[in-house]
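Student: One structure is given below, represented as structure tokens, and several questions about it will come after.
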Amino acid sequence: MSGTVLTINLDNLTHNYEYLRSKINPKVKLLAVVKAVAYGSDAIGIATHLESLGVDYFGVAYAEEGVALRESGIGTPILVLHPQPSNFNLLVKHKLEPSIYSVRLLNLFANFCLEQQLENYPIHIKYNSGLNRLGFSDTDIPFILDEVEGANLLIKSLFSHLAASEDVKERAFTMQQIKSFKQFSGALQSQMINDPITHQSNTSGILNYPEAHFSMVRTGIGLYGFGNEAIYDENLKPVASLTSVISQIHEIPAGGSLGYNRGFIADTPVQSATIALGHADGIGRMYGHGKGFVYINGQKAPILGNVCMDMLMVNVTHIDCKEGDEVIIFNETYSAASLAEAAGTISYELITGIAPRVKRILTQK
């Protein structure tokens with residue numbers, strides 16, 4: 001093993017879950033988003049723990065992610081946010097519930113259910129309230145009702161997605177999204193027999209727009225410890241900690257170079273430490289040349305030169321350290337958000353990019 005480990009703190013996950021629950025009415029359901037390996041952590045471990053806490057729904061991007069949860073014993077309802085027609089059989093076999101977001105997809109799934117003689121199969125109708133990524137428009141309502149009735153489908157929920165709920169400057173836009181979703185869902189509900197779940201809020205929506213909690217909310221990044229605003233980050237605890245070790249220390253003389261393409265040339269004598277972590281592990285080349293950094297014995301060590309596939313080198317000239325010492329890339333104290341921001345990206349990209357070969361360890365008191 002490389003000595004690089006991603007430690008997942010389930011106690012912090014519990015804290016985040018309970019904090020987010022405290023922000024919604026007890027009658028409002030909570031959907032936990034565990035797509036992308038639970039934001040780069042451990043989907044099965046995270047989902048198993050959240051199920052034990054009483055989460056109401058899980059959300060994944062693709063059917064295969066839902067299948068993995070089902071095969072691990074997860075019984076909670078699972079919404080597949082971006083289903084593909086080629087996987088309709090998988091959806092049905094594993095009792096996964098698809099988001100239906102377009103005329104084409106609804107037509108294909110309705111025909112599939114008719115061919116398979118399925119009745120009341122649960123689907124979730126997605127409305128495009130302004131994100132302009134996926135979703136039906138208001139003019140599609142008659143088609144939706146006809147197809148659902150013709151194939152005897154069950155609309156389990158109506159939902160949409162906020163585009164900028166973390167940005168106070170976009171409050172007017174967000175309020176318009178909420179208004180348009182209310183109009184769409186109201187128009188559909190007025191012609192339905194059952195009473196579907198309605199949901200539009202993501203993590204920032206939960207925290208900033210209580211008027212948009214409806215009957216369910218969705219949270220992804222908040223569960224993993226990030227609230228998109230400093231005021232909320234203080235109340236959340238990062239779930240994942242990425243650590244490694246110093247493999248070797250080198251003395252680089254003035255004029256000496258380091259790494260591929262001589263990415264770093266020393267103006268003065270420099271002591272460098274090689275770390276067992278590289279772009280194949282999720283720390284991309286964009287973190288090189290001093291943009292990114294790690295922490296060794298409580299001291300900040302900037303990355304030198306180019307990040308390699310399996311290794312990176314940092315400046316430890318002024319740090320008292322030795323080979324074998326622990327290196328912290330991010331944890332509860334040294335935020336992944338700060339490291340990501342230094343390289344011009346966001347915490348989502350950094351934490352979801354940690355490669356499968358990095359060992360995962362789940363901890364709980």
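Student: Residues that are in the same structural domain as Glu147 (by TED's automatic domain parsing), closer than 30 Å to Gly150 by Cβ and touching an Asp or Glu at 6+ places or on another chain (Cβ under 8 Å): list the helices (runs of 4 or more DSSP H) wholly contained in the range 1-116 that include at least 2 such residues.
Tutor: In the range 1-116, the matching helices (runs of 4 or more DSSP H) lie at 88-93, 103-115.
Student: A further question on this structure: What is the one condition in (1) outside any helix (DSSP H, G or I); (2) over 21 Å from the mean Cα position of the chain (by Cα); (3) surrounded by 16 or more Cβ atoms within 10 Å (Cβ to Cβ) that His124 does not satisfy?
Tutor: For His124, the exception is condition (2).
Student: Against the conditions (1) within 18 Å of Lys365 (Cα to Cα); (2) touching a His at 6+ places or on another chain (Cβ under 8 Å); (3) in contact (Cβ under 8 Å) with a residue 40 or more places away in the chain, where does Leu31 fall short? Just the number, please.
Tutor: It is condition (1) that Leu31 fails.
Student: So, one more: Test Gly205 against the stated conditions and say whether it is part of a helix (DSSP H, G or I) and crowded, with 21+ Cβ neighbours inside 10 Å.
Tutor: Yes; evaluated as a whole, the condition is true for this residue.
Student: Still on this structure, I have one more. Report the residue count in the range 336-351 for those that are part of a helix (DSSP H, G or I), among the hydroxyl-bearing types (Ser, Thr, Tyr) and either touching a residue at least 12 places away in the same chain (Cβ under 8 Å) or in contact with a strand residue (DSSP E or B) (Cβ under 6 Å, 6 or more places away or on another chain) (or both).
Tutor: Going through the range 336-351 one residue at a time, the tally reaches 2.
Student: Another one. Mind telling me which of the residues Ile44, Ile78, Ile74 ends up being on the phi < 0 side of the Ramachandran plot, buried (at least 24 other Cβ atoms within 10 Å of the Cβ) and among the β-branched types (Val, Ile, Thr)?
Tutor: Ile78
Student: Looking only at strands (runs of 3 or more DSSP E) that fall completely inside the range 213-283, which ones have 3 or more residues that are within 18 Å of the chain's Cα centre (by Cα), under 17 Å from Phe330 (Cβ atoms) and not aromatic (Phe, Trp, Tyr)?
Tutor: Answer list for the range 213-283: 240-252.
Student: Is it the case that Asn331 is under 26 Å from the mean Cα position of the chain (by Cα) and not assigned by TED's automatic domain parsing to the domain that holds Thr48?
Tutor: So Asn331 fits the description; yes.
Student: Ok, one more. Return yes or no: is Asn315 polar (S, T, N, Q), out of contact with any Leu (no Cβ under 6 Å at 6 or more places or on another chain), surrounded by 15 or more Cβ atoms within 10 Å (Cβ to Cβ) and under 29 Å from Glu251 (Cα atoms)?
Tutor: Judged against the criteria, Asn315 is not a match.
Student: Looking only at the range 57-65, decide whether some residue is in contact (Cβ under 8 Å) with a residue 40 or more places away in the chain and closer than 23 Å to Pro238 by Cβ.
Tutor: yes
Student: Oh, and also: Go through the range 297-310 and report how many residues are surrounded by 20 or more Cβ atoms within 10 Å (Cβ to Cβ) and either in contact with a strand residue (DSSP E or B) (Cβ under 6 Å, 6 or more places away or on another chain) or not assigned by TED's automatic domain parsing to the domain that holds Glu251 (or both).
Tutor: Residues flagged as surrounded by 20 or more Cβ atoms within 10 Å (Cβ to Cβ) and either in contact with a strand residue (DSSP E or B) (Cβ under 6 Å, 6 or more places away or on another chain) or not assigned by TED's automatic domain parsing to the domain that holds Glu251 (or both) within the range 297-310 amount to 4.
Student: From the list Leu114, Leu96, Leu108, pick out the single residue that is modelled with pLDDT of 95 or more and within 24 Å of the chain's Cα centre (by Cα).
Tutor: Leu96
The values are calculated or read from the model by the stated rules, or taken from the named source; none is laboratory data. Keep in mind the model is a prediction, meaning the values are calculated, not measured. Note that each Cβ is placed from the backbone with ideal geometry, even for glycine, and that neighbours are counted across all protein chains shown.
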